[in-house]
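The values are calculated or read from the model by the stated rules, or taken from the named source; none is laboratory data. Note that the coordinates shown come from a computational prediction; the quantities given were computed from them, not determined experimentally. Using ideal geometry, Cβ is built from the backbone for each residue, glycine included, and neighbour counts are taken over all protein chains shown.
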Amino acid sequence: MIKEYDMAKEMLPSFLQKVEVVSEASRETCVALSDCLNLFTKQERVKNFKLEQEQEKNKILSEALETLATEHHELEQSLVKGSPPASILSEDEFYDALSDSESERSLSRLEAVTAHSFEEEGEHLGSRRHRMSEEKDCGGGDALSNGIKKHRTSLPSPMFSRNDFSIWSILRKCIGMELSKITMPVIFNEPLSFLQRLTEYMEHTYLIHKASSLSDPVERMQCVAAFAVSAVASQWERTGKPFNPLLGETYELVRDDLGFRLISEQVSHHPPISAFHAEGLNNDFIFHGSIYPKLKFWGKSVEAEPKGTITLELLEHNEAYTWTNPTCCVHNIIVGKLWIEQYGNVEIINHKTGDKCVLNFKPCGLFGKELHKVEGYIQDKSKKKLCALYGKWTECLYSVDPATFDAYKKNDKKNTEEKKNSKQMSTSEESDEMPVPDSESVLIIPGSVLLWRIAPRPPNSAQMYNFTSFAMVLNEVDKDMESVIPKTDCRLRPDIRAMENGEIDQASEEKKRLEEKQRAARKNRSKSEEDWKTRWFHQGPNPYNGAQDWIYSGSYWDRNYFNLPDIY
């Protein structure tokens, strides 16, 4: 016992020393933590102060922009004589492809070229195929039941004026956001579903027929490239947004005069994906794809990046071509005149030969010299230039020898640099106004061949949502057609039909009803843990590039429309 006490007595100083060391270390740690807490507190105060400053700046900027937009809108209103009264408008989820804005353009005559025009030959081929389609049965009698021989040339009612409404009041809270759930009044719509808008790819189907008839793979690629460019031409001056397709909505179009039939379906709601499948009535081509438009609002402009692969198969040549569409941007969303530009590279690949066409949709540039311009080359698999292409997506596309084109570009670049050196810039700030191009039309290089030229729009186009003649008939319906098409066809949508007939209030009410019905159906599926099943398309890899795609399942034209969803 005494020994243990002595040992404890001897260990006590050592123990106390260790306790003192630990205590000192604890005090130092406490002081350090206290300093850190004070530092973090100060930093938090600074951050909060800066955040409050930024919030105040944003508030002031937002109020200034709103004031500017209001003043600009009032100025526009003062210049408008006799606009129709405003209607009570509903709002609508906005997640479709971006409808295009106004851009200035001239339809002045193009100079004649010595080479033959592919377009004239394509029109001749189209009329010949029309005669053939009248002489043979194209997939059964029902398949042509909605092929109207004499199409309408106008809508039942002209469009409403949008001068009483400002889009800024809707979009000002959405800067930097993806436009997946932005509410838009119905006044900003056009009386078409996005599925019908997609069908406008087929306006220049004669280019596909022409490509199928050619034996030279380079000439076929020229026609395919012209078709890809022509597919975006209808967007010029189309300021109305198409209606959002409901999940399960479909659209069909049979044009025996143009030699094709098409079926499309809205296969996904979030994200919004539209799938389509078209085929030649003479079994010469298949054209299919799926589109997911990804949109972003950046303050003064809206950018649309079209996701999805476009595929064209020329059956007689066992060839498949794939590409994606260019990015488009709408300027002056808040103040000023709306205008659109398409930009980015479009790469068209012939998966059989390895040939590739790379088209550059050029941004307008500082002086507007490049406004609407498209140019590029057709190359073989060793990247040897076989042909040069140039033109404007709003007007035309030409082909020319690549050496001739390179020489022209070299000379044009030299002249452009001289012009830049002679010009004095009044400001270094970037403007969002549409630049005035140096020339109203395309300067034709000697030896060029015209591949495609846009057809003039009808005289009443400005009063009919700037529709082309092709777009004018997309929502056309008669009693015979109603008995053939499925109940999911967007021609039967009451909101679109009401807007086409000029009944804006009814269109708003029907739109609201359809949206509520769609939300209720989605809620019921969620409760029952039931997945939505598409009817005419299934998801799978693209057979040529392996990208995720929606593939046509077949049997639509058998006309067995049983167990279709009640979406209207």
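Brief remarks on what is shown
- Residue under evaluation Gly368, criteria (1) free of Cβ contacts under 8 Å to residues at least 40 places away in the same chain; (2) assigned to a loop (DSSP other than H, G, I, E, B), criterion not met: (1)
- Any hit, the stretch 349-356, residues being at pLDDT 95 or above, basic (Lys, Arg) and part of a loop (DSSP other than H, G, I, E, B): yes
- The set of residues in the stretch 504-534 that are part of a loop (DSSP other than H, G, I, E, B) and more than 24 Å from the chain's Cα centre (by Cα) comprises Ser528, Glu529, Glu530, Asp531, Trp532, Lys533.
- Qualifying residue in the stretch 542-551 (condition: aliphatic (A, V, I, L, M), in a strand (DSSP E or B) and more than 16 Å from Phe243 (Cβ to Cβ)): yes
- Candidate set from the stretch 314-332 (those that are out of contact with any helix residue (DSSP H, G or I) (no Cβ under 6 Å at 6 or more places or on another chain) and among the aliphatic types (A, V, I, L, M)); member that is surrounded by the most Cβ atoms within 10 Å (Cβ to Cβ): Val330
- All strands (runs of 3 or more DSSP E) inside the stretch 230-309 with 3 or more residues being modelled with pLDDT under 95 and out of contact with any helix residue (DSSP H, G or I) (no Cβ under 6 Å at 6 or more places or on another chain): 285-297, 301-307
- Each residue in the stretch 371-399 was checked for being surrounded by fewer than 19 Cβ atoms within 10 Å (Cβ to Cβ) and part of a loop (DSSP other than H, G, I, E, B), and 5 pass.
- Breaking point among (1) part of a helix (DSSP H, G or I); (2) closer than 21 Å to Pro272 by Cβ; (3) free of Cβ contacts under 8 Å to residues at least 40 places away in the same chain, for Ala498: (2)
Residue-by-condition table, conditions (1) buried (at least 23 other Cβ atoms within 10 Å of the Cβ); (2) modelled with pLDDT of 95 or more; (3) on the phi > 0 side of the Ramachandran plot; (4) not polar (S, T, N, Q):
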site	(1), (2), (3), (4)
Leu450	no, yes, no, yes
Pro456	no, no, no, yes
Phe470	no, yes, no, yes
Asp495	yes, yes, no, yes
Ala507	yes, no, no, yes
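- Among the candidates Leu37, Leu16, the residue that is at pLDDT below 85 and assigned to a helix (DSSP H, G or I) is uniquely Leu16.
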